[in-house]
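In what follows, a structure is listed as C-alpha cells, so that the remarks can point back to it.
The values are calculated or read from the model by the stated rules, or taken from the named source; none is laboratory data. For clarity, every value in this text was computed on a predicted model and none was experimentally measured. With ideal geometry, Cβ positions are generated from the backbone for all residues, glycine too; neighbour counts draw on all protein chains shown. Surface areas here come from the heavy atoms of the whole protein model, side chains and all, with no ligands, DNA or RNA. Shrake-Rupley method; radii C 1.70, N 1.55, O 1.52, S 1.80 Å.
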Amino acid sequence: DLITLREDDSVRELKDMGVGVPRIILTADPAFAINDVNEFAADEILKNAGIEKDKPYACISVRKWKNAPENFNELCAKMADYISEKYNITPVFIPMQYPYDASVGRNIVMAMKKKGVFIGKRLDLPTMLGIVAKSEIVISVRLHMLIYATMKSVPCIGIAYDPKVSNFQKYIGQPYYIDPRALEGEDYKAMIDSCMENAAQIKEDLAGRVEEFK
C-alpha cells in the first residue's frame, strides 16, 4: 500500500531503480516520536560504571558486521584514547543490542591505553536516551544511536559500515561520518575536533531538525 523512507538518498535510489508503485513518502524514523527519558536511571547506570556526576563522557556504540576491518577493535581503541587524552572525556561504550554488541565494546575497552567504560547490561530506551542526552559527543556504527543523539541534539559521528549511516548524517545536515577503513589513517581526529569546536552550533542545528522530524 505504501513505502515510507527516512532519508532522501533512499528515495532517489528507489526512483533510480524505476520503483513508482506503491506511493513513496519521505518521512522520519519512528524513533523521533519517542519522548520518554529516564534521567534518574541514566545517572545510576553512569554512577555504577564509575562516571561521577558532571564528569564529561562520550557515548560510543559499536557492532559486528560481515566485512569489518580485521583491526577494527584496535583502531576504535585508538580513537577512544584520542578523545580521552585530548578532551579529558571518558569514552562510554553502550551495547545497543545486548548481548550481541557486548564482546566488541568490551574488547575495545580492554585494548585502550586510557580509561574506558563498558556498560555490560541491557538498557531500556528511556535510560539509553538519558545517557545519550548528557554526553558531549556520540560516535556510532549503529544507526539508531545516531538517531538518539540527533533527538537529544548531541554532536554525532557515524562510522559508515552501511550507506544508511552516511545517508542519515547527510540528511540531518551533518557531514560527520567516516568509512571504517579510513580509521587507519586517523581521519577521525579532524572530525572529532570539528565536532567539539563547533558543538554549540551543531546542537542548535540539530534542535531545529528534530522538531521537523517529530
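Listing for the model above:
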| read-out | value |
| --- | --- |
| Residue count, segment 1-26 (criterion: open to solvent by 60 Å² or more (accessible area, probe 1.4 Å) and among the polar types (S, T, N, Q)) | 1 |
| Residue among GLY120, GLY130, GLY116 that is open to solvent by 10 Å² or more (accessible area, probe 1.4 Å) and under 23 Å from ASP54 (Cβ atoms) | GLY116 |
| Selection status of CYS59, in contact with a Ser or Thr (Cβ under 6 Å, 6 or more places away or on another chain) and surrounded by 17 or more Cβ atoms within 10 Å (Cβ to Cβ) | yes |
| Which numbered condition GLN169 fails, given (1) farther than 21 Å from TYR87 by Cα; (2) at pLDDT 95 or above; (3) more than 15 Å from the chain's Cα centre (by Cα) | (3) |
| Test: residue in segment 43-56 that is open to solvent by 40 Å² or more (accessible area, probe 1.4 Å) and on the phi > 0 side of the Ramachandran plot | yes |
| In segment 19-74, the residues that are over 14 Å from VAL132 (Cα atoms), of a type in the set (S, T, N, Q) and within 21 Å of the chain's Cα centre (by Cα) | THR27, ASN67, ASN71, ASN73 |
| Within segment 113-144, tally of residues that are closer than 21 Å to LYS47 by Cα and either in a helix (DSSP H, G or I) or touching a Leu at 6+ places or on another chain (Cβ under 6 Å) (or both) | 9 |
| Cβ-Cβ under 6 Å pairs, at least 6 apart or on other chains, segment 137-157 side over 16 Å from VAL210 (Cα atoms), far side small (Gly, Ala, Ser) | ILE137/ALA58; VAL138/ALA149; SER140/SER61; ARG142/SER61 |
| From ALA111, ALA80, ALA68, residue being among the small types (Gly, Ala, Ser) and open to solvent by 40 Å² or more (accessible area, probe 1.4 Å) | ALA111 |
| Positions within segment 31-42 being open to solvent by 40 Å² or more (accessible area, probe 1.4 Å) and more than 16 Å from MET151 (Cα to Cα), in sequence order | PHE40 |
| The one condition in (1) more than 22 Å from ILE83 (Cα to Cα); (2) at pLDDT 95 or above that PHE213 fails to fulfil | (2) |
| Residue within segment 184-206 that is of a type in the set (Asp, Glu), over 23 Å from TYR57 (Cα atoms) and in a loop (DSSP other than H, G, I, E, B) present | no |
| Answer residue from segment 172-190, given it is hydrophobic (A, V, I, L, M, F, W, C) and under 14 Å from the mean Cα position of the chain (by Cα) and is surrounded by the most Cβ atoms within 10 Å (Cβ to Cβ) among those | ILE178 |
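Matching residues to (1) at pLDDT 95 or above; (2) more than 28 Å from ASP54 (Cβ to Cβ); (3) of a type in the set (A, V, I, L, M):
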| site | (1), (2), (3) |
| --- | --- |
| SER153 | yes, no, no |
| ILE178 | yes, yes, yes |
| LYS189 | yes, no, no |
| ASP193 | yes, no, no |
| LYS203 | yes, no, no |
| LEU206 | yes, no, yes |
